[in-house]
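Okay, structure first, notes after.
The values are calculated or read from the model by the stated rules, or taken from the named source; none is laboratory data. What you see is a predicted model; the values in this text were computed from it and never measured. Backbone-built Cβ (ideal geometry, glycine too); neighbour counts: all protein chains shown. In case anyone asks, the SASA skips ligands and DNA or RNA and just uses the protein heavy atoms, side chains included. Shrake-Rupley method; radii C 1.70, N 1.55, O 1.52, S 1.80 Å.
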Number of protein chains: 2
Amino acid sequence: MSCLNSSTGYRAVLSALNAEKGVSLSKQKIIVVAVGGNALYPPNSPSFEIQKDLIAKTCKKLADIIEEGHRLIITHGNGPQVGNLLIQNEKARRLVPSMPLDVLVAETQAQIGYLMQQSLQNAFNRRGMHRRVTPVVTQVVVDQRDKAFKDPTKPVGPYYSKTRATRLKSKYKWEMKLDRRGGYRRLVPSPKPIRIVEMASIRKLVSQRGSVVIAAGGGGVPVIERRGKLVGIEAVIDKDLASSLLANELDARTLLLVTDVRYVSLNFGKKNQADLTEMTVDEAEGYMKEGHFPEGSMGPKMQAAIDFIRKEKREAIITSIGHLKKALDRKDGTRVTLD
Amino acid sequence: MSCLNSSTGYRAVLSALNAEKGVSLSKQKIIVVAVGGNALYPPNSPSFEIQKDLIAKTCKKLADIIEEGHRLIITHGNGPQVGNLLIQNEKARRLVPSMPLDVLVAETQAQIGYLMQQSLQNAFNRRGMHRRVTPVVTQVVVDQRDKAFKDPTKPVGPYYSKTRATRLKSKYKWEMKLDRRGGYRRLVPSPKPIRIVEMASIRKLVSQRGSVVIAAGGGGVPVIERRGKLVGIEAVIDKDLASSLLANELDARTLLLVTDVRYVSLNFGKKNQADLTEMTVDEAEGYMKEGHFPEGSMGPKMQAAIDFIRKEKREAIITSIGHLKKALDRKDGTRVTLD
């Protein structure tokens, strides 16, 4: 082999290696998008067909931005879906052994992941786009010393009668709380996500050209590490915080949080409501302290955005599914930046 | 850059590229293992803890053979689990919208996939082995003209009363059959698997050094292709046939079918039962024709073995979970070969 050939071969192989790794060029374009429950599950106990239609509609919007050339990694909420599985487990408990919450979160990852995967694949095929969608069952490690375990705050699953609530409380040591809508609900901890167990596999799939990965659905299956062992626990992880962690790990350009409002607002729902199109992370923290973003709604989203920007010095965008495309062109939604 | 350096660099990059692709050396060692229901779900409606313990025990046996240097891709059954989800859906149907069978199969992929993934990961960590386990939600395409659709034969889910069975039959056009254990059961088609939708992603993950992939669980989520669109259907796919397809696609060295017996037998359960340690694919086909392998038990396993060997000219092994390790050393179980 001549010296010239060797050198040409070297460059060819190097370029193939880079293509294989999918690094360099494409790295800057990675967007982690967290799709909220309202874009996946319509209100009022919708039939399967209605759920499926909404998911298909949402996936078309996601396909739109993938068509623009963005590389997407998708996470999604699972609140109503995991609630439904808890109700099904409760109703059939005399016939079928009930599963703990970590297993049910896993089940929702495949339930929603499969429907999104199929809808996305169909949207790509219709447009002649070569893309592969892969949902990965994802475990997320939390710290067993997280203070959330001492103070469970997240209501999940069915509304129980007082008798059954008392029984469940004594049998399983569940925290139960009388809900304002009547009946008792179980409260579970919502600890902070620390580490994504399947990160190497997710990274491998993301590096593949034309790959769309669905990961850490529902915030991930909650596990703790105990003496070097992964152990599933009865908790739920906030999906926005998990997606922020995922975006950090993937060195994403943008963390895109899809919710039911077009803009983040100050004084939301009041006469003096002010919609924001831009804010710095310092401003965001200030507004947080002033109590503009309630817990369980905009609060975790802003926290997710802040965490991501502080670590990665990039941007986060918060908007609704209908405004994604323009928001990525900086013409819509609320953009949070370092300065 | 000198000519010598360039050439050295070329070799280094080429070797890195090969490592990245994980081809060559390791290709011959790929084993697709299909784990049967009895190794994952004990009889008599076991509690979650009992299910989890059995899965952990099974995963230790799988870790044993991975420790020997084999590269494993795992598929698994889901019969009792999908049955349980159907019962849960039925029991809660007035409160929670029921999901179709394709979605429930997806749910079992994550339910079982997650528990196996965690058990395997813990087994590896305990042994100081660096391995990553990734369950992939997998769709498997079947032919909508498959004759199985005209003659549903696979009973699934709850036992219904006559009234409810009649109602379900007229409402959803379900095929219902009076079961010998009392009550009516739904019959669903079990079409032949044709194509694994997520094959490229599975291949990518398998190519990663130290990767253990769980795919096509429960035979895969059944979908058909209709005018270029994937559409989920109400069917179940035999997991042994799906694993045979997976083994073909991955060019596996061995298809390993784990069941509840140590050997394949002639005249099984009769006085003249003869256990077989070796047979050729021609012999296997002969025994099939003679009716030694009943449908719904050894039949699909032998068919899976035959399909794989005819196409890939490699070997299939059928044995129980306790004999895996020795069977791979050709000292146990039943080995089916080309000649």
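Pairs spanning more than 32 Å between alpha-carbon atoms, out of A:Lys60/B:Lys60; B:Lys154/B:Lys270; A:Lys270/A:Lys325: A:Lys60/B:Lys60.
Quarter the surface of the alpha carbon convex hull of segment A:88-133 and you get the mean projected area, 4.0 square nanometres.
Each Cα pair of the protein assembly as shown feeds into the Kirkwood radius, which the Stokes-Einstein equation turns, at 25 °C and 0.890 mPa s, into a diffusion coefficient of 93 µm²/s. Relative to the longest principal axis of the Cα atoms of chain B, helix B:79-91 runs at roughly 50 degrees. Cross-link partners among aspartates and glutamates for B:Lys177, C-alpha distance below 18 Å, same-chain residues fewer than 8 apart left out? Cross-link targets: B:Glu90, B:Asp151, B:Glu234, B:Glu295.
Taking GluC sites (Glu not before Pro) as exposed when DSSP calls them loop and at most 13 other C-beta atoms lie within 10 angstrom, chain A has its longest site-free stretch at A:69-289. Note that segment B:169-181 has calculated 3J(HN,Hα) couplings of 4, 6, 6, 10, 6, 6, 7, 10, 9, 5, 8, 5, 7 Hz, one per residue in order, obtained from phi through the Karplus relation 6.51 cos²θ - 1.76 cosθ + 1.60 (θ = phi - 60°); glycine and proline are x.
Distance from the Cα centroid of segment A:263-339 to that of segment A:62-102 is 25 Å (rounded to whole angstrom).
Relative to the longest principal axis of the Cα atoms of chain A, helix A:101-126 runs at roughly 40 degrees. Using Cα-Cα distances under 8 Å and only pairs 6 or more residues apart, what relative contact order does chain B have, in percent? The value is 20 percent. Accessible area per residue for the protein assembly as shown, computed on protein heavy atoms with a 1.4 Å probe, is 44 Å². Once backbone amide H atoms are built at 1.01 Å from N, B:Glu198 has B:Gln139 as its partners under 5 Å, excluding neighbours fewer than 5 places away on the same chain. The sum of -39500 (n - 2.57) across all DSSP H runs of n ≥ 4, divided by the residue count of chain B, sets its helix-only mean residue ellipticity at 222 nm to -13000 deg cm²/dmol. Taking only alpha carbon atoms, segment A:273-339 gives an Rg to Rh ratio of 0.94, where Rh is the Kirkwood radius. Computed over the Cα atoms of segment B:154-285, the ratio of the radius of gyration to the Kirkwood radius (Rg/Rh) comes to 1.06. The trypsin sites (Lys or Arg not before Pro) found in segment A:158-217 that occupy coil by DSSP, while having at most 13 further C-beta atoms within 10 Å, are A:Lys173, A:Arg180, A:Arg181, A:Arg209.
Taking amide H positions as modeled 1.01 Å from N, with prolines and chain starts lacking one, the residues under 5 Å from A:Gly157 and 5 or more places away or on another chain are A:Gly83. For A:Ser211, the residues whose modelled amide H falls within less than 5 Å of its own, excluding neighbours fewer than 5 places apart on the same chain, are A:Arg132.
Its Cα centre serving as origin, segment A:23-164 has a Cβ charge dipole (Lys and Arg +1, Asp and Glu -1) of approximately 20 debye. Across segment A:52-59, coupling constants 3J(HN,Hα) worked out from phi with the 6.51/-1.76/1.60 Karplus curve, θ = phi - 60°, read 5, 5, 5, 4, 4, 4, 4, 5 Hz, and Gly and Pro carry x. Taken as Cα centroids, segment A:213-243 and segment A:126-198 sit 10 Å apart, rounded to the nearest whole angstrom. Applying Stokes-Einstein at 20 °C and 1.002 mPa s to the Kirkwood radius of segment B:51-173, computed over alpha-carbon pairs, gives a translational diffusion coefficient of 124 µm² s⁻¹. Normalising the Debye intensity of segment B:224-327 to I(0), with uniform scatterers on Cα atoms only, and taking log10 at q = 0.10, 0.19, 0.23, 0.24 Å⁻¹ returns -0.32, -0.97, -1.30, -1.39. Relative to the longest principal axis of the Cα atoms of chain B, the long axis of helix B:239-249 lies at roughly 30 degrees.
Here the Kirkwood formula puts the hydrodynamic radius of chain A at 21.3 Å, using every distinct Cα pair.
Among the trypsin sites (Lys or Arg not before Pro) in segment B:246-339, those located in a DSSP loop and surrounded by at most 15 other Cβ atoms within 10 Å of their own Cβ are B:Lys270, B:Lys271, B:Lys313, B:Arg330, B:Lys331.
Measuring against 26 Å, Cα to Cα, the residue pairs B:Lys91/B:Lys150; A:Lys229/B:Lys239; A:Lys57/A:Lys239; A:Lys29/A:Lys326; A:Lys61/A:Lys331; A:Lys169/B:Lys61 contain B:Lys91/B:Lys150; A:Lys229/B:Lys239; A:Lys169/B:Lys61 as the ones spanning a longer distance.
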